[in-house]
Amino acid sequence: MRYITRIVDDEIDRRTEAFGAINIVGPKGCGKTRTAKERCRTTIEFQDEDRRDGYLAVAETAPRLLLRNELPILFDEWQDAPKVWGAVRKACDDYPETTGAYFLTGSTSRDIDTPHTGTGRISTITMYPMSLWETGESNGSVSLSKLFEDEAYDIDGRMSQISLEELFFAVCRGGWPRCLALSGDRAKLEIAKDYYRQIYTKDIRSLDGIRRNTELARMLLWSYARNMGTLAKRKNIYADVNSEYNASNVTLASYIDALEKLFVIKDIDAWTPQIRSKTAIRAAKKHIFIDPSIGLAALGIAPDYFNNDLDLFGHAFENLVIRDLLAYAAAEDAKVMHYSDDMGLEADAVYQRNDGRYALIEIKTGANAIPAAEEGLVKFKKLIREHNEKALANSKHPGVVYREPDLLIIICANAPMAYTTNKGVKVIPAGCLRN
């Protein structure tokens, strides 16, 4: 199968100019090994049954010998031979002028303690499932990074070719590279279902040697799926699970921690500027799956289901967009957060770059929701401006000043084309967006 360029490729290329080794982490099946193989002349696969015993014997007794192969070298499933980490780290110390010489990839279903962190030698990069741009469902005609960089960048009139029904399918199928090798839609949908089953029956039990209850894990995934894209409190999620099982909060918290280590679920932090007095900011985290297809598999949802439940699709679509934003953010050292307060002011996502510039983003299913989303974003920007004016009113004792948003964006599922509203809000169809 032809290699499809990934968003993370640029970041890997930058890191290989500075570090001797790159450790690629991320969810199972997101393409870590294939991406690393594209850069390596030697691949040592510790789960290759024909060579496994020999590789493991060398790795246990003299791991430095494995480093004598032609560079760059990929150590796939390196957790099976943890001494390789130390050997790679030492090689990076011994030959500091050599960069991009080693790549490490492996399953996230094992938690390995290494005697050395690899700081300054082995750089870790997180890889996400494929975005709509990478799978080809977005035509990539609107670049998020270019919106930040070029004030004259004109997005108006860029057309989206993806239909709502195709997005129904995309959220259920997920961004798994394996799907691109399959021709039938039914077969593509099986990939996420299998990943889901593997997560609660095998991966969560083999992560760190703790024999966790598979049914408890399944119920927890089901509850997270019910609360996908929401700020539900953990006590509510625990109550869901305890409707069937009597598990302590400590136990359930440990299961959540395991699912986070497996790159299955992720909580998005709140952006918390105090822009108006006497207003409680909801600092709760937003619950998402690293790919919405896992959550939908937990709920047993097929694409046709959304014909009668656009509300659930709205949550899944928001998860999908945030998944893509996380991939874009990882490529430029940015952050993805959210905002909500008790006065109804919100931003589904806050995309903040490392230079401080940021975008307030609303994520909507229907074009009919655009006017209200526009009004909310414009109000948000106005409140920040008013806060700053008050903060600077007293020149002797100025208050805290917050940067105004550089972009106001609405990402819409079924908007037919991109355009800029009269108030300066960028409306971008999901079928146009790229990093």
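The values are calculated or read from the model by the stated rules, or taken from the named source; none is laboratory data. Just so we're clear, the structure is a prediction, and the values are computed from it rather than from any experiment. FYI the Cβ positions are ideal-geometry reconstructions off the backbone, even for glycines, and counts take in every protein chain you see. For the accessible areas, the whole protein counts, side chains as well, though only heavy atoms, and no ligand, DNA or RNA atoms are used. Shrake-Rupley method; radii C 1.70, N 1.55, O 1.52, S 1.80 Å.
A few comments on the model shown:
- Reachable lysines, given that their alpha-carbon falls under 19 Å from the alpha-carbon of LYS202 and they are not under 8 places away in the same chain: LYS28, LYS193, LYS261
- Helical segments meeting 20 Å axial Cα length and Kyte-Doolittle -1.0 threshold in the chain (DSSP H): 310-331, 370-391
- Charged side chains reduced to their Cβ positions (Lys and Arg at +1, Asp and Glu at -1) give segment 200-292 a dipole of some 360 debye around its Cα centre.
- Summed over the residues of segment 393-435 and divided among them, the accessible surface reaches 48 Å² per residue at a probe radius of 1.4 Å.
- Charge dipole (Cα centre; +1 on Lys/Arg Cβ, -1 on Asp/Glu Cβ; no other charges) of segment 54-178 amounts to roughly 620 debye.
- Only protein heavy atoms count here; under a 1.4 Å probe, THR5 has an accessible surface of about 100 Å².
- Taking all protein chains together and a 1.4 Å probe, the residues LEU180, LEU144 rank LEU180, LEU144 from largest to smallest accessible area.
- Farthest towards the positive end of the charge dipole of the chain, among the residues TRP78, ASN236, THR42, is the Cα of ASN236, using unit charges on the Cβ of Lys, Arg, Asp and Glu.
- When the helices of the chain are scored as -39500 (n - 2.57) per DSSP H run of n ≥ 4 and the total is divided over every residue, the value at 222 nm lands at -11000 deg cm²/dmol.
- For the residues ASP150, ASP291, ASP348, a GNM of the chain with alpha-carbon springs under 10 Å puts the largest fluctuation on ASP150.
- Charge dipole (debye, nearest 20) of the chain; +1 at Cβ of Lys and Arg, -1 at Cβ of Asp and Glu: 780
- Given charges at Cβ of Lys, Arg, Asp, Glu: the chain dipole, positive-most of ALA347, LEU147, THR5: ALA347
- Relative contact order, percent, the chain [alpha-carbon distance under 8 Å, six or more residues apart]: 18
- Packing around the peptides 228-237, 44-53, 165-174, taken as the average count of other Cβ atoms within 10 Å per residue, puts them in this order, highest first: 165-174, 228-237, 44-53.
- Shape category assigned to segment 191-318 from the gyration tensor of Cα positions, a/c cut at 1.5: oblate
- Solvent-accessible area assigned to carbon and sulfur over segment 211-304 amounts to 46 percent, based on a 1.4 Å probe.
- Gyration tensor (alpha-carbon) shape descriptor, segment 114-209, a/c threshold 1.5: oblate
- Per residue solvent-accessible surface (Å²) - segment 117-199, probe of 1.4 Å: 45
- Of all beta bridges that DSSP places with both ends in segment 324-435, some 50 percent have antiparallel geometry.
- When you restrict to C-alpha pairs under 8 Å that are six or more residues apart and normalise by the size of segment 69-176, the relative contact order lands at 25 percent.
- DSSP beta bridge pairing in the chain, given as percent antiparallel to the nearest 5: 35
- Measuring nothing but protein heavy atoms, the accessible surface of segment 1-108 at 1.4 Å probe radius is 45 percent carbon and sulfur.
- The chain: C-alpha gyration tensor shape, a/c 1.5 cut-off, then a/b vs b/c: prolate
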